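The structure appears right after this line, and notes come after that.
The values are calculated or read from the model by the stated rules, or taken from the named source; none is laboratory data. This one's a predicted model, so the numbers in the text were calculated from it and none came from an experiment. Cβ: placed from backbone, ideal geometry, glycine included. Neighbour counts: every protein chain shown. Each accessible area value is taken on the protein alone, full model and side chains, heavy atoms only, with ligands, DNA and RNA left out. Shrake-Rupley method; radii C 1.70, N 1.55, O 1.52, S 1.80 Å.
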Amino acid sequence: MKHNWGHFSDAELGVAVTEAAGVDVSKLRELNSLSIVRAMRGQPPATVTELAARTGLSRPGTDVVVRGLVTDGWVKVVEPDGSSVGRPARRYHFNADAGYVLGVDVGGHKILVLLADLEGKVLRSHRLAVEPDADPAARLKAVDTAITQCLTAAGMRPDQIWAVTVGVTGPVDATGRTTLFTPLPGWASVSPAEHLATRFACPILVENDCKLAAVAERWQGAAQDADDIVYLLAGMRTGAGLILDGTLRRGYGGAAGEIGALKAVRWLSAPSHIENCPGVPGDIHPNDKAAWVFERAREGDRDARTALRRYVKDLAVGAAALVLTLDPQVVVLGGGYSRSADLIIDPLAHELRRLCLRVPEIRASNLGADSVALGALRVALDQIDARLFTDGMPAPLIPRP
């Protein structure tokens, strides 16, 4: 964020510093503009007086900074609607369309791409099916196709994207690879960040899907009021994402929360109780087995209820280990099985009461299949914020008018 401040005095800018103090005045001027941008993001249009009150800067200084932000394209002027008597004060709002972010969910059966503006408003969603046994080249091609179709539908170019986050299955190491394990065929040999770097010049981050889903739940989902969260992925695959003190925990090698790797926890085999329930029609698609079992359980079918009870007991073992270790405020039940949370939450709470010292509140996710991609958007926005709002660091982004 570069401005031409040369012809304005320090008093006009609201900077109360002295050269003798050894303070970089130009940097403080820069921070003033960043503080105003921060005060405007996600907020209704505001006057200069209101912005000065929010930031603690002088009104003349705020006026100077805001005019510079308008010139640079970070801020837009809101024209009066004619409803006020007399001459209304000019109002301003953050230009969320100065840049955009992408959140990409690379799953076993689909690629989901979400496009959002700089305030996180989803502008476009695009889903593309992919075969579960697709090799890395085919899956990467599907990623490219889904992104291209999403951007084309939105009328945008790759250079308008300021950050990309990709969610993948399996723990992600510091290089962005899933070298420890992943159910996606051959995916451990792939670097999604390197692949997309040939197309995007912006920061590209790769993260585990359960961790991103946990971020989404705290941002827009069932745990917006919590800082200590365990996210449980309940479905054909079982996993967890952890947020402590409001911060996503990755662990030294990116494997935090991968408690299912311990066979004694029984998470690896837990879904088999649902999938192998007696009575499931032989011609039913594997993706529809769980829905069939849950529906029969609601109807009181004995085999279905037994399968569900055994599944919950296995799910509870790993959940209890995480609850005892982390003592979270909230456990969020997500994944495909969360659509039948009414059949799972009470039995799970019963098992946790038997195993734990204190049972946190258990809530069902309300984000559906978008949770991973939404979490990816939030992480992409955080990447931009880290570059914009780090103290003492000038913003490297160049807004587009």
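Taking the residues in region 116-171 that are of a type in the set (D, E, K, R) and in contact with a Lys or Arg (Cβ under 7 Å, 6 or more places away or on another chain) as candidates, determine which candidate is modelled with the highest pLDDT.
For region 116-171, the residue satisfying everything is 127.
Restricting the search to region 110-123, which residues are in a strand (DSSP E or B) and farther than 16 Å from residue 371 by Cβ?
115, 117, 123
Suppose we filter region 238-255 for residues that are surrounded by 19 or more Cβ atoms within 10 Å (Cβ to Cβ) and either under 20 Å from residue 352 (Cβ atoms) or in contact with a helix residue (DSSP H, G or I) (Cβ under 8 Å, 6 or more places away or on another chain) (or both); how many remain?
8
Would you please name the residue that is most open to solvent (accessible area, probe 1.4 Å), looking only at residues in region 265-290 that are of a type in the set (A, V, I, L, M, F, W, C) and in contact (Cβ under 8 Å) with a residue 24 or more places away in the chain?
Looking at the filtered set, the residue picked out is 268.
When you look at residue 54, is it surrounded by fewer than 22 Cβ atoms within 10 Å (Cβ to Cβ), at pLDDT 90 or above, basic (Lys, Arg) and in contact with a Ser or Thr (Cβ under 7 Å, 6 or more places away or on another chain), yes or no?
no
Answer yes or no: is there a residue in region 213-228 that is under 20 Å from residue 314 (Cα atoms) and of a type in the set (Lys, Arg).
no
Could you list, in sequence order, the residues of region 176-190 that are part of a loop (DSSP other than H, G, I, E, B), closer than 14 Å to residue 207 by Cα and over 17 Å from the mean Cα position of the chain (by Cα)?
The answer is 177, 178, 179, 180, 181, 182, 190.
I'd like the full set of residues that are touching a Ser or Thr at 6+ places or on another chain (Cβ under 9 Å) and assigned to a loop (DSSP other than H, G, I, E, B), limited to region 158-175.
169, 170, 171, 172, 173, 175
Looking at (1) at pLDDT 95 or above; (2) part of a helix (DSSP H, G or I); (3) under 29 Å from residue 305 (Cβ atoms), which is the only condition residue 260 fails?
(1)
Looking at (1) closer than 24 Å to residue 348 by Cα; (2) within 13 Å of the chain's Cα centre (by Cα), can you tell me which one residue 164 breaks?
Unmet condition: (1).
Considering region 263-306 alone, what residues qualify as being on the phi > 0 side of the Ramachandran plot and part of a helix (DSSP H, G or I)?
Listed by number, the list is empty, since nothing qualifies.
Take residue 145 and tell me if it is part of a helix (DSSP H, G or I) and either open to solvent by 10 Å² or more (accessible area, probe 1.4 Å) or out of contact with any Phe, Trp or Tyr (no Cβ under 7 Å at 6 or more places or on another chain) (or both).
Answer is yes for this residue.
State whether one or more residues within region 95-109 are without any contact (Cβ under 8 Å) to a residue 24 or more places away in the chain, closer than 20 Å to residue 387 by Cβ and part of a helix (DSSP H, G or I).
Checked against the condition, which is being without any contact (Cβ under 8 Å) to a residue 24 or more places away in the chain, closer than 20 Å to residue 387 by Cβ and part of a helix (DSSP H, G or I), region 95-109 yields at least one hit.
Return the residue satisfying two criteria in turn: it lies in region 124-147 and is closer than 19 Å to residue 371 by Cβ and of a type in the set (Val, Ile, Thr), and of such residues it is farthest from the chain's Cα centre (by Cα).
That would be 130.
Pull out all pairs, ordered by first then second residue, where Cβ-Cβ is under 9 Å, the residues are six or more apart or on different chains, the first lies in region 199-210 and is on the phi < 0 side of the Ramachandran plot and touching a residue at least 12 places away in the same chain (Cβ under 8 Å), and the second is in a strand (DSSP E or B) and open to solvent by 20 Å² or more (accessible area, probe 1.4 Å).
207/248; 209/233; 210/233
Scan region 307-357 residue by residue and report those that are touching a Cys at 6+ places or on another chain (Cβ under 8 Å) and either free of Cβ contacts under 8 Å to residues at least 60 places away in the same chain or not in a helix (DSSP H, G or I) (or both).
307, 320, 324 - these are the residues of region 307-357 that are touching a Cys at 6+ places or on another chain (Cβ under 8 Å) and either free of Cβ contacts under 8 Å to residues at least 60 places away in the same chain or not in a helix (DSSP H, G or I) (or both).
Please determine whether any residue of region 68-83 is under 17 Å from residue 385 (Cβ atoms) and open to solvent by 10 Å² or more (accessible area, probe 1.4 Å).
no
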